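Heads up: the structure comes next, in structure tokens.
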Amino acid sequence: MKIFTMTKTVTRNLVTGPATLMYPQRERVFTAITRGMIENDIDRCIFCGMCARRCPTYAIVVAKDNKAWQIDRLKCCICNLCVEVCPVKCLSTENHYAQSVTTREMAIHKESQTISAAPGPDQTQT
Ligand code: SF4
Ligand code: SF4
């Protein structure tokens with residue numbers, strides 16, 4: 001009978017308490033294997049574009065000329081494919097989530113390497 005099933009569920013919930021957390025008073029503890037968000041150790045990136053080509057949701061954009069890399073966190077489904085194909089293993093899946101955003105633009109995370117200027121005539125070594 002459904003009434004007994006419901007009573008069992010209600011009783012269990014009364015004993016165990018709510019499944020939700022009182023955030024931010026209580027911080028969620030993530031497990032080591034939680035797929036939270038993709039990060040790039042940009043100084044190791046060689047801007048090969050493999051991650052962008054492999055991404056099924058087109059979340060990553062790589063600009064080799066500008067040494068720039070960006071990810072749209074609202075498009076990313078944390079499938080981990082970019083992490084797997086990166087030849088220098090500079091991508092990683094962090095086990096915590098990105099900050100909440102209120103606009104789509106805020107979800108676009110940009111990274112870039114400093115492009116060192118070519119030495120000028122007065123900087124050339126002799
Ligand atoms: S695959 Fe790795 S090295 Fe290549 S552009 Fe992406 S993050 Fe950079
Ligand atoms: S985890 Fe998947 S969806 Fe997210 S950026 Fe990497 S390849 Fe794209």
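Treating the chain as a set of equal point scatterers at the Cα positions, no solvent, please give the Debye-formula log₁₀ I(q)/I(0) at q = 0.15 Å⁻¹. Rounded to two decimals, the profile gives -0.81. Once Lys and Arg get +1 and Asp and Glu get -1 on their Cβ, which of Ser100, Ile42, Phe4 lies farthest toward the positive end of the dipole of the chain? Selected residue: Phe4. Highest mean packing first, where packing is the average number of other Cβ atoms within 10 Å per residue, the peptides 21-27, 36-42 line up as 36-42, 21-27. For the pair Arg12 and Met106, label points projected 7 Å from Cα toward Cβ lie 3.7 nm apart. Measuring nothing but how far apart in sequence close Cα pairs (under 8 Å, 6+ apart) lie, relative to its length, the chain scores a relative contact order of 28 percent. Rounded to the nearest 20 debye, the dipole size of segment 2-98 about its Cα centre is 480 debye, using +1 on the Cβ of Lys and Arg and -1 on the Cβ of Asp and Glu.
Compared with the dominant principal axis of the Cα atoms in the chain, helix 2-16 is inclined by about 60°.
Backbone geometry of segment 35-42 corresponds, through the Karplus equation with coefficients 6.51, -1.76 and 1.60 at θ = phi - 60°, to 3J(HN,Hα) couplings of 8, x, 7, 8, 10, 10, 7, 4 Hz, x marking Gly and Pro.
A Förster radius of 30 Å combined with the Cβ-Cβ distance from Gln25 to Glu94 puts the calculated FRET efficiency at roughly 0.80.
Report note on the peptides 66-73, 10-17, 108-115, 78-85: ranked by the mean count of other C-beta atoms within 10 Å, highest first, their order is 66-73, 78-85, 108-115, 10-17.
Every number in this text was worked out from the coordinates using simple rules, so none of it is lab data. Predicted, not measured: the structure shown is a model, and the values here were computed from it. We place every Cβ from the backbone using ideal geometry, glycine too, and count neighbours over all the protein chains shown.
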